[in-house]
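Quick notes on the structure that follows.
The values are calculated or read from the model by the stated rules, or taken from the named source; none is laboratory data. What you are looking at is a predicted structure, and each value in this text was computed from that prediction instead of being measured. Backbone-built Cβ (ideal geometry, glycine too); neighbour counts: all protein chains shown.
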């Protein structure tokens with residue numbers, strides 16, 4: 001039985017151009033398994049650099065009864081929000097529908113990105129709605145960090161109180177820290193809802209997508 005003779009092999013480094021950095025030409029320096037590990041190393045580097053996946057958007061849970069309707073809560077919300085934010089003069093001196101529209105936008109903005117029901121809605125529409133939620137909150141004096149559940153519940157509670165003639169109760173529902181202005185000032189804002197361009201655009205795109213179309217939508221109220 002003969003013994004195999006091991007012949008040492010000396011690896012030679014590929015010659016690069018003058019001035020190549022130590023990280024240059026990774027495909028030349030990595031072979032076999034090392035090259036296959038390069039994407040993993042890159043992914044780990046990006047994660048360490050702060051590129052980790054963001055948590056899902058904050059989302060409220062709402063029943064249709066809170067909106068004072070027997071319609072589907074999400075479809076009702078987007079239709080009302082689209083109708084109102086297309087022309088906010090429609091709810092001038094109508095803080096009830098204004099409050100419901102703001103609550104509906106806040107609610108649907110989260111739901112589009114978290115509820116599997118809306119998986120078919122485009123990522124662009126989802127992002128537009130989240131941006132609209134931020135912009136509407138800023139315009140009205142609603143805390144950016146307040147939970148959607150608190151914001152939506154407070155606005156819908158205020159709308160219910162107003163519907164029953166209880167203005168004091170409505171003002172009491174819209175208090176800090178979720179709302180950065182006193183309750184009476186918040187009601188004044190809802191009485192004269194400002195136009196928010198991003199909310200107009202976002203709801204105009206999201207409403208027809210949620211109803212299975214690419215344009216149009218059924219408007220408000222939806223039959």
Every residue from region 162-214 that is without any contact (Cβ under 8 Å) to a residue 40 or more places away in the chain, within 20 Å of residue 107 (Cα to Cα) and surrounded by 13 or more Cβ atoms within 10 Å (Cβ to Cβ): 173, 174, 175, 178, 179, 180, 208
Helices (runs of 4 or more DSSP H) contained in region 108-223 and holding at least 3 residues within 14 Å of the chain's Cα centre (by Cα): 123-140, 197-210
Mind telling me which of the residues 131, 138 ends up being under 20 Å from residue 178 (Cα atoms), surrounded by fewer than 18 Cβ atoms within 10 Å (Cβ to Cβ) and without any contact (Cβ under 8 Å) to a residue 12 or more places away in the chain? 138
The lone condition residue 89 fails out of (1) closer than 25 Å to residue 180 by Cα; (2) surrounded by fewer than 15 Cβ atoms within 10 Å (Cβ to Cβ); (3) at pLDDT 95 or above; (4) in contact with a helix residue (DSSP H, G or I) (Cβ under 9 Å, 6 or more places away or on another chain) is (4)
Pick from region 64-86, criterion touching a helix residue (DSSP H, G or I) at 6+ places or on another chain (Cβ under 7 Å), free of Cβ contacts under 8 Å to residues at least 60 places away in the same chain and in a helix (DSSP H, G or I), ranking: surrounded by the most Cβ atoms within 10 Å (Cβ to Cβ): 77
